[in-house]
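Inspection log for the structure reproduced underneath, given as structure tokens.
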Amino acid sequence: MENTYSEVAEAFINDADWSTAVPGLKMGVETNTSMPKVAVLLVGGLYGSQPVGREVLVRLARHMGEGYKKGDNIVTMILRMADIYILPAVDLAGFDSASVGTCSYKDHHMMDKEAGNSFKEKQSVGAEAVKKFMGRFNIKLALSLEGNGMFVRMPWDEVRQEDSKTDAVEVFNMMAKTFLTSHPVMKKKHSPCDGTRIMGKKVKNAFPTGLVHGGDLEPAMFVGSMQDYLWDKLNIPMVSAHISCCNYPRPRNLLELYKQNLPPILKFLKGVWGKVTDSMNNPISNVTVNIGGMMEVSDKDGIFLTVYPAQRGSTSWSWFIKPSKPKQSGLQLRKAE
């Protein structure tokens with residue numbers, strides 16, 4: 001990938017302590033503009049028995065590489081505004097024991113042995129590698145692609161103080177709805193996984209639909225999840241898009257799954273940047289911006305750096321600006337179309 005798309009791709013394989021366990025790829029282009037870039041993380045294969053995310057992300061990387069070479073406007077805009085970090089296969093150990101065509105778990109406790117549910121305890125090489133990765137890069141938000149249904153999952157996965165919602169529910173709703181409403185199957189008001197065979201029997205209403213807080217699911221399936229870890233420990237918002245009714249789809253189904261998920265992923269990667277200025281259009285540094293519970297601080301050039309996926313039809317945002325010094329200020333907002 002790096003050799004084919006050297007202008008936009010940089011591979012991380014066995015060149016850092018984390019990448020010896022989890023391969024990674026960075027995609028982006030250098031620009032001459034004063035606007036800094038945002039780091040976004042896309043994750044696949046958190047659960048080794050659900051490798052569908054890996055297959056979609058590898059195809060996405062090729063799409064972005066080819067798109068940049070051919071001058072695709074959307075791809076070029078994204079790569080100029082953001083550095084996209086891709087970890088396509090986190091749970092390699094779990095993948096080695098997975099079987100193609102296996103659509104469900106015999107017991108949901110099997111998930112506890114995989115990297116995706118191992119972020120509370122140091123029991124997974126893949127999960128520990130991801131933690132080290134997060135310490136190296138200033139990631140602003142993350143998206144995981146998983147199997148086990150077709151819906152979008154938000155924190156908390158473990159209920160906190162009898163509430164499954166976080167203190168930044170507006171941000172998570174925005175992220176989740178951006179993906180959901182751009183997905184050709186998920187946005188329809190029906191259960192896309194009805195009729196899936198589990199243990200040889202066709203099932204109905206066995207999977208969630210729409211937007212779900214993991215902590216509202218019974219039984220509890222995502223204890224020790226990555227998205228809970230990122231928000232609880234690092235204040236980084238992450239949502240998980242479950243994109244296949246079958247955990248390990250057969251190769252003949254992968255192209256269609258990729259086509260379904262390309263538009264919502266690209267939509268997710270478009271976002272919002274902002275700049276705080278005074279009445280004379282001079283930048284104001286060290287300004288705290290509160291965005292639905294997410295706190296950002298403007299730098300020396302007045303720029304606060306964040307990406308929150310924009311919902312289709314969204315025309316306004318709610319901001320609270322508290323300058324560190326009593327100056328008259330205004331907010332110039334740069335928003336993806």
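Legend: calculated FRET efficiency, residue 300 to residue 32, from the Cβ-Cβ distance at R0 = 22 Å, rounded to 0.05, equals 0.75.
In this label model, residue 262 and residue 123 are separated by 4.0 nm, measuring between points 7 Å along each Cα→Cβ vector. Quick check: from the Cα gyration tensor, does the range 29-138 come out rounded (a/c under 1.5), prolate or oblate? Oblate, because a/c is 1.5 or more while a/b does not exceed b/c.
Report, in listed order, any pair from 188/233; 132/233; 177/270 with a Cα-Cα distance greater than 24 Å.
Details: 188/233 35 Å; 132/233 13 Å; 177/270 13 Å.
Flagged as over cut-off: 188/233.
Between residue 167 and residue 97, the simple label model (points 7 Å from Cα in the Cβ direction) yields a spacing of 3.9 nm.
Of the whole protein surface, residue 242 contributes about 0 Å² of accessible area at a 1.4 Å probe radius.
Taking all protein chains together, 121, 146 sort by accessible area into 121, 146, largest first [probe 1.4 Å].
Shown for the range 1-80: the carbon plus sulfur share of the solvent-accessible area, taken with all protein chains present and a 1.4 angstrom probe, equals 44%.
Charged neighbours of residue 147, selected by a Cβ distance under 14 Å, balance to -1 (K, R count +1; D, E count -1).
When 244, 97 are compared by accessible area of protein heavy atoms, the largest-first order is 97, 244, using a 1.4 Å probe.
Accessible surface for residue 279 stands near 80 Å², nearest 10, in the context of the full protein assembly shown (1.4 Å probe). Solvent-accessible surface (1.4 Å probe) assigned to residue 20 amounts to roughly 90 Å². The residues of the range 20-134 expose on average 42 square angstrom of accessible surface per residue, using a 1.4 Å probe on protein heavy atoms. Count Lys and Arg as plus one, Asp and Glu as minus one, and take only other residues whose Cβ is under 12 Å from that of residue 53; the net charge is then -1. Accessible surface of the range 231-285, 1.4 Å probe: 49 percent of it comes from carbon and sulfur atoms. In this model, which of 131/300; 37/106; 113/165; 69/267; 26/106 are farther than 32 Å apart at the alpha-carbon? In this structure, 37/106; 26/106 exceed 32 Å between Cα atoms.
Spin-label model, residue 73 to residue 282: label points 7 Å out along the Cα-to-beta-carbon direction sit 3.8 nm apart.
The values are calculated or read from the model by the stated rules, or taken from the named source; none is laboratory data. No experiment lies behind these values; they were computed from the predicted model shown. When we count neighbours, we look across all protein chains shown, and the Cβ atoms used for this are built from the backbone with ideal geometry, even at glycine. Ligands, DNA and RNA are stripped out before the accessible areas are found, and what is left, the full protein with its side chains, is counted by its heavy atoms. Shrake-Rupley method; radii C 1.70, N 1.55, O 1.52, S 1.80 Å.
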